[in-house]
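What follows is a short report on a single structure.
Values in this text are rule-based calculations from the coordinates and carry no lab data. Everything numeric here is computed off the predicted structure, so don't read it as measured data. Note that we place each Cβ from the backbone using ideal geometry, even for glycine, and neighbour counts take in every protein chain shown.
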Amino acid sequence: MGHLGFSYVGLIFLLMLTIPNLIWIRHQPKGYDSQSENKILLIFERVGQVLVTCTALIFSDFNLRSWSAWTLWLIAAVILMLMYEGWWVRYFRSQKTLRDFYSSFCGVPIAGATLPVIAFLLLGIYGKVVWLLISVVILGIGHIGIHLQHRKEIY
C-alpha cells in the first residue's frame, strides 16, 4: 500500500513532466483547440493528474534504495522519462504543428501522452504502491484518450 513520506524521486518525475508543459503554453501547435475534447475523458485526465501528483509525492517508497531486481522497474521508468524529454526537445525544434505534437517517438505512439503515463506506471510498480497504479490508470484513460481523439482528427 505504501509508506507515507516525501518522495524526492516523485518530485523529480513531476518536474520532468511539468517544466516542458509550462514551456508548451507559449509554444502550442498551430491550430490547437481543446474545446472539442470529450468531457468524460477530460474528467478522467484532471482527476488522474491530481491523484498522480499527490501519490507521487507522499509515498517514500519511490525513493532510491539498495539494489534489487525491483530497481530495474525504476531504471525503465527513468529511461521512459528521458525519452519523454527527448520527445519535447524534438517538438520544440519542430514547426510545432499538430502532427508534431501528436507524433510518435522511438516507436512509441502519441509519445507526449504515452511515455509519461507508462513511466509513472513503472514507478508505481517499483514502489509497490497500488495507489499510484490506480491513479495512473485513471490518468492514462483520460490523457491518452484525449490525445488519441486529437490525433484521429488530424489524420
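Here are the numbers for the structure shown:
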item	result
Of Ser135, Ser66, Ser94, the one that fluctuates the most in a GNM where the chain has Cα springs shorter than 10 Å	Ser66
Approximate spin-label separation His27-Arg99, in nm, with each point projected 7 Å along Cα-to-Cβ	2.0 nm
Whole-angstrom Cα spans of segment 21-106 along principal axes, big to small	48, 30, 19
Principal axes of the chain: Cα extent on each, largest first, Å	47, 31, 25
Relative contact order (percent, whole number), segment 43-155, Cα cutoff 8 Å, 6+ residue spacing	42 percent
Extension reserve of the Leu64-Val50 stretch, reckoned as 0.36 nm per residue once the Cα distance is removed	2.7 nm
Net +/- balance of residues flanking Cys106 in space, Cβ distance below 13 Å, scoring K and R +1, D and E -1	0
Peptides 16-22, 5-11, 113-119 ordered by average Cβ neighbours within 10 Å, highest first	113-119, 5-11, 16-22
Value of [θ]222 nm, deg cm²/dmol, for the chain, DSSP H segments ≥ 4, -39500 (n - 2.57) each, nearest 500	-23000 deg cm²/dmol
Segment 47-95 versus segment 98-150: alpha-carbon centroid distance in Å	11 Å
Normalised alpha carbon radius of gyration of segment 16-60 [divisor 2.2 N^0.38 Å]	1.44
Residues of type aspartates and glutamates that Lys128 reaches as a straight line, Cα spacing below 15 Å, ignoring anything fewer than 8 places off in the same chain	Asp61
Label-point separation in nm, Ile19 to Cys106, each point 7 Å along Cα→Cβ	1.8 nm
Percent RCO, i.e. relative contact order, over segment 105-147, from Cα pairs under 8 Å lying at least 6 residues apart	41 percent
By average C-beta atoms within 10 angstrom, highest first, the peptides 44-50, 105-111, 69-75	44-50, 105-111, 69-75
